[in-house]
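Heads up, the thing below is written out as structure tokens.
Read-outs: derived from the displayed coordinates by stated rules, not from any lab. Predicted model, so just to flag it, every value in this text is computed and none were measured. Note that each Cβ is placed from the backbone with ideal geometry, even for glycine, and that neighbours are counted across all protein chains shown.
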Amino acid sequence: MLVSDLMSSPVHGAFPGDTVSHARNLMIRHRISRILILDDGRATGIITKKDIGFRLRRKDPGWRFRQIDNELLREVMSSDLVSVSPDTGVRDALMIMMTHKISGVPVIDQGMVLGMFTRTDLLRSTLVQSLDLPVREKMHEPVLVAPGHSSVHVVDLIRNGAAAVVVADDSGLAGIITETDLAFYEEQPDTAGSGTAAGMMRSSVPSLPDTARTGEAVASMQKNACQSVIITGETGIVGIITRDDIIREVAL
């Protein structure tokens, strides 16, 4: 299977002189995680939700006012662009992404942008669809925080490798925070000014029992347009399985 079989098209782009706010709104509108930066018709850089989310880390309350929204994309984009050709094999493209620690690459042929290939696109491949393993074998222990933990602490956890941060209180699961939530964070009226995990979390969290299979986890991720599924057992939250936990299985 080739990258051209799974890539997403068309690619949504922006110009170096556009603002971060413009790129973020494109991500929200089209439910995508990255925007290609184009100059004279050629791809010169990329900005992802991770780039935006990580720049929101501030030690003062002012970070919540999103000063980054007015910055120009040429000032914040990643210019070291990694790309693949349409005839690159899916497994080879995955290895390229893993080597560079990125989750998506533009598909370019003779300077022309044809599409975008991401780890989420890989969930539709036969490599993943043919997996049938117990989720308990692929899940891992979730990173837990309390609702009152600071937003700075949450950003640092995700920056240090947490695919998702689970928010839990004495009653159990309260919500989840991912890179997407950091990038698209909008304060809620009842938590405005708090700068806490409770103000950033998404309370709608897909979950499956620990008896589920990987195919059910993939189906849940695709249905809910998410990258993580909470796994529950008799004692409550027993683990979390992510898109990358599943993809790692086919990369071995």
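Quick notes
- Placing +1 on the Cβ of every Lys and Arg and -1 on the Cβ of every Asp and Glu, with no other charges, gives the chain a dipole of roughly 240 debye about its Cα centre.
- Net charge dipole, the range 129-251: roughly 280 debye, given to the nearest 20, about the Cα centre with Cβ charges of +1 for Lys and Arg and -1 for Asp and Glu.
- Over 25 Å [Cα-Cα, the chain], rounded percent: 46 percent
- Most simply put, the chain has about 80% antiparallel DSSP beta bridges, counting only bridges with both residues inside it.
- Considering helices alone, the calculated mean residue ellipticity of the chain at 222 nm is -8500 deg cm²/dmol, with DSSP H runs of length four and up weighted by -39500 (n - 2.57) and normalised per residue.
- Dipole-positive endmost among S228, M139, V82 within the chain (Cβ charges, Cα centre): V82
- Counting charges near T126 (Lys, Arg +1; Asp, Glu -1) among other residues having Cβ under 14 Å from its Cβ returns a value of -2.
- The distance from the alpha carbon centre of the range 167-181 to that of the range 4-33 is 27 Å, rounded to a whole number.
- Under 14 Å, Cβ to Cβ, from V238 - net charge with Lys/Arg +1 and Asp/Glu -1: -2
- Spacing of the two label points (7 Å from each Cα toward its C-beta) at M112 and D170, in nm: 6.4 nm
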